[in-house]
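The next block holds one structure in the form of structure tokens; read it before the comments.
Taken together, the values in this text are just the output of simple stated rules run on the coordinates, not laboratory data. The shown structure was predicted, so the numbers you read here are calculated from the model rather than taken from an experiment. Note that we place each Cβ from the backbone using ideal geometry, even for glycine, and neighbour counts take in every protein chain shown.
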């Protein structure tokens with residue numbers, strides 16, 4: 001793990017907050033069980049809901065025509081899944097492209113490298129429609145890179161590789177969770193201590209580390225842990241600790257919740 005102390009993007013928020021409306025499902029990678037996948041589909045409105053899957057973090061430039069129809073969401077029972085993908089921010093800043101999100105009640109970001117999501121969507125009409133989806137009570141989910149991108153401060157964003165925790169150019173996520181940095185594959189890849197220097201340099205941040213097969217389901221300023229492993233909590237000047245399935249956490253107050 002490499003750590004760069006030269007930072008171009010600084011989070012200025014006083015506290016961590018979740019979305020005012022809607023829900024987030026943020027998963028740490030690996031195999032996701034039905035307790036995660038089915039929960040996402042239910043929050044989107046059930047099997048008949050319109051769901052968009054965004055695979056842009058992947059290294060492929062193109063995806064087969066049946067990508068959505070053969071996705072894990074379709075296999076789990078979602079009947080109306082659409083793929084949205086571009087490598088061109090000009091495309092994602094058009095009304096026609098963003099309209100796909102406007103019709104959806106759920107969006108899922110797959111894994112890969114999250115800098116690709118920044119290059120394609122940050123600050124565009126698609127980004128604004130994602131925020132609007134939450135405002136109308138929808139759900140945004142994602143795993144691995146699709147988890148990290150949901151925070152406001154982005155770790156492991158360097159184009160050169162995923163071992164640099166803070167990159168000079170890629171630090172801003174899509175910000176569905178404000179004042180939060182999210183790591184993934186936590187225990188599987190022995191990353192437990194990698195978030196510590198991040199929250200020391202940025203004491204305003206709440207750090208979250210999610211292991212594989214595990215997710216948090218966020219509603220407002222609270223989340224519940226679901227899945228087979230653990231979620232780590234990081235704060236400035238404190239030792240990290242773990243939450244397990246069924247435990248809840250208050251993001252704003254930074255304490256376990258009932």
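Descriptive notes on the structure:
- When each of 70, 219 is scored by the number of other beta-carbon atoms lying within 10 Å, the sequence from fewest to most is 70, 219.
- Ranked by the mean number of other Cβ atoms within 10 Å of their residues, highest first, the peptides 140-147, 76-83 come out as 140-147, 76-83.
- Ranked list, fewest to most other Cβ atoms within 10 Å of each Cβ, for 192, 258, 169: 258, 169, 192
- Percent antiparallel among DSSP beta bridges (both partners in the chain, rounded to 5): 55
- Folded to 0 to 90 degrees: helix 34-44 orientation relative to the chain principal axis, Cα: 60
- Computed from label points 7 Å out along Cα-Cβ, the spacing between residue 258 and residue 20 is 2.8 nm.
- Calculated diffusion of the chain, Stokes-Einstein form, Kirkwood radius summed over Cα pairs, 37 °C and 0.692 mPa s, µm²/s: 184
- When only alpha carbons are used to place a centre, the range 16-59 and the range 97-111 end up 11 Å from one another.
- The calculated 222 nm mean residue ellipticity attributable to helices in the chain amounts to -5500 deg cm²/dmol, summing -39500 (n - 2.57) over DSSP H runs of n ≥ 4 and dividing by all residues.
- Relative contact order of the range 23-257, defined on C-alpha pairs under 8 angstrom at six or more residues apart (%): 21
- Ranked 167, 59, criterion: other C-beta atoms within 10 Å, fewest first: 59, 167
- For the listed peptides 44-56, 227-239, a ranking on the average number of other beta carbons within 10 Å per residue, highest first, reads 44-56, 227-239.
- Annotation: extensible slack from residue 235 through residue 87 equals 49.8 nm (criterion: 0.36 nm per residue apart, minus Cα-Cα distance).
- Degrees between helix 125-135 axis and first principal axis of the chain (Cα, 0 to 90, nearest 10): 80
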